[in-house]
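The next block holds one structure in the form of structure tokens; read it before the comments.
The values are calculated or read from the model by the stated rules, or taken from the named source; none is laboratory data. Since we're looking at a predicted model, the values are computed, not measured. Cβ placement follows ideal geometry from the backbone for every residue including glycine, while neighbour counts extend to all protein chains displayed. These area figures cover heavy atoms from the full protein model, side chains too; ligands, DNA and RNA do not enter into them. Shrake-Rupley method; radii C 1.70, N 1.55, O 1.52, S 1.80 Å.
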Amino acid sequence: MWNNAIEDALLKIKQNIITYPGQLPHITEGEKYEWGDNNDWIEGFYVGMMWLAYEYGQDPFYKEAAESYLANFKDRLDRHVALDHHDIGFLYSLSAVAEWRVTGNSAARAAALQAADKLLMRWRPRIGIIQAWGKEDDPENGGRMIIDCLLNLPLLFWAHEQTGEAKYYDIAMQHALQSQKFLVRGDGSSYHTFYFHTENGNALRGGTHQGYQDGSTWTRGQAWGIYGFALAYRYTKHEAFLDTSKRLAKYFIEHLPDDAVVYWDFDVMVEDITPRDSSASAIAACGLLELLELTGDSDPDRTVFKDALNRSMKSLVEHYATTGQADAEGLLKHGSYHVRGDRAPDDYMIWGDYFYLEALVRIEKGNKGYWYV
Ligand code: GLY
């Protein structure tokens, strides 16, 4: 089953590369990606899928396609195009770091280090966080962190491994600790975002951006937390991060609906029309795979994690994937970007496609994706 789903996904990636040369998919409405330039937070996922495709079957077509984007990503950095946000990690882990990892290209390594330096500029030492969005004095976003940022930290941990410079590790570690302290609640649920006072660093309040309401649990945020804290543990060996990832995973699993693919927020009232977020389930699947790699056979939670992983992936493959739909551009239907903001509430999400493929390839072949080396 997994193999068939992967082969179908690879064909779709190839078809997109041929149909839209040099372009990148944007947030979509109407089950057709909008294709354009490198100016959002999501472009790395498309290139990351090409690297997964190449590593899976060694077809040089995907490698050449992925390599052809490096100059574009480097140019974006040089010209600082739409980089007033923390998602530099998402963008450059899956493009430049992935390329360096697979090919050893020193230009890719240099671009990834340049990206890590740019990410460091968002560090707010008075608060101990990497600010998510906007400029330091932004009235809405100054002093604000979000749970998604945990997936940006591997770029900094990687830069530390490459250079030996402590600043990358220290900042990533501090941010992960603040995330653990302020974004994760006692019952294992999570805030999407948290605000601090920009001048004295005092903790102010939890809130949301894409979730249902401030105190609710946005399912994709919870999934970023599962995977992100597991990765923070992999790099730091700080046991409490592993424990936090597991607590978030158990909350996620305990609140799964019957078909094991989550709605967009755990606290929203579920009706026939309530949107799912298949991308959250794909991210959580990768988080569970990570937890299964990091925990030993005697860990009592492994059975629960394995069962949830299998149920969710089987459901995604059988009921959400576009397998067999030859003209589909996306891999996974029924993702949601920003339901409350009425942006793409039920559509393909390129990160959903990426994590779905990462999970499949990890299950089938054990490749690890590009969040760590
Ligand atoms: N990191 C933005 C999102 O998950 O929508």
Amide H to amide H under 5 Å from Ala321: which residues, 5+ apart in sequence or cross-chain, H placed 1.01 Å off N in plane? Lys333
Within the stretch 340-373, find all residues whose amide N lies under 16 Å from a label point positioned 7 Å from the Cα of Gln58 along Cα-to-beta-carbon. 365-367
Straight-line reach check, Lys250, cutoff 13 Å on alpha carbons, 8 or more apart in-chain or any other chain, hits among aspartates and glutamates -> Asp187, Asp301, Asp307
Mean residue ellipticity at 222 nm from the helices of the chain, using -39,500 (n - 2.57) per DSSP H segment of n ≥ 4 over the full residue count, to the nearest 500 deg cm²/dmol? -16000 deg cm²/dmol
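Take the residue pairs Lys32/Lys333; Lys314/Lys365; Lys181/Lys237; Lys135/Lys368; Lys181/Lys246 and return only those whose Cα atoms are more than 23 Å apart. Walk me through the numbers on the way to the answer.
Values: Lys32/Lys333 11 Å; Lys314/Lys365 17 Å; Lys181/Lys237 17 Å; Lys135/Lys368 34 Å; Lys181/Lys246 15 Å.
Pairs exceeding 23 Å: Lys135/Lys368.
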Net charge near Ala260, counting Lys/Arg +1 and Asp/Glu -1 over other residues with Cβ under 15 Å of its Cβ? -1
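What Kirkwood Rh does the stretch 1-132 have if only Cα atoms enter the pairwise 1/r average? Answer in Å.
15.6 Å
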Considering the Cα positions of the chain, please state its Rg to one decimal place and its Dmax as a whole number of Å. 19.0, 56
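Kindly report the accessible area of the chain per residue (heavy atoms of protein chains, probe 1.4 Å, no ligands, DNA or RNA), in Å².
37 Å²
Which FRET efficiency value, to the nearest 0.05, is calculated for Asp75 and Lys314 with the Förster distance at 35 angstrom and r the Cβ-Cβ distance? Each step should come with its number before you reach the end.
Working: r = 41 Å, r/R0 = 1.18.
For Asp75 and Lys314, the calculated efficiency is 0.25.
Which of the helices in the chain meet the span-like rule: DSSP H, Cα axial reach of 18 Å or more, Kyte-Doolittle mean at least -0.5?
Values: long enough: 2-19 (26 Å, -0.07); 43-57 (23 Å, 0.23); 106-120 (21 Å, 0.52); 166-182 (24 Å, -0.59); 219-236 (25 Å, -0.19); 239-254 (23 Å, -0.27); 278-294 (24 Å, 1.38); 302-315 (20 Å, -0.83); 350-365 (22 Å, 0.16).
Qualifying helices, which must be both long enough and hydrophobic enough, are 2-19, 43-57, 106-120, 219-236, 239-254, 278-294, 350-365.
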Net charge within 12 Å of Gly128 by Cβ-Cβ distance, Lys/Arg positive one each and Asp/Glu negative one each, not counting Gly128 itself? +2
Return the whole-Å distance between the Cα centroid of the stretch 1-38 and the Cα centroid of the stretch 216-274. 27 Å
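What ranking do 17-30, 222-235, 273-286 get when scored by the average of other Cβ atoms within 10 Å per residue, highest first?
Values: 17-30: 15.6, 222-235: 27.2, 273-286: 25.5.
In descending order of packing, they fall as 222-235, 273-286, 17-30.
Going by the alpha-carbon gyration tensor, a ≥ b ≥ c the square roots of its eigenvalues, is the stretch 97-171 rounded (a/c under 1.5) or, if a/c is not under 1.5, prolate (a/b greater than b/c) versus oblate? Walk me through the numbers before you get to the answer.
Details: a/c = 2.53, a/b = 2.07, b/c = 1.22.
Taking the square roots of the gyration eigenvalues as a ≥ b ≥ c, the stretch 97-171 is prolate.
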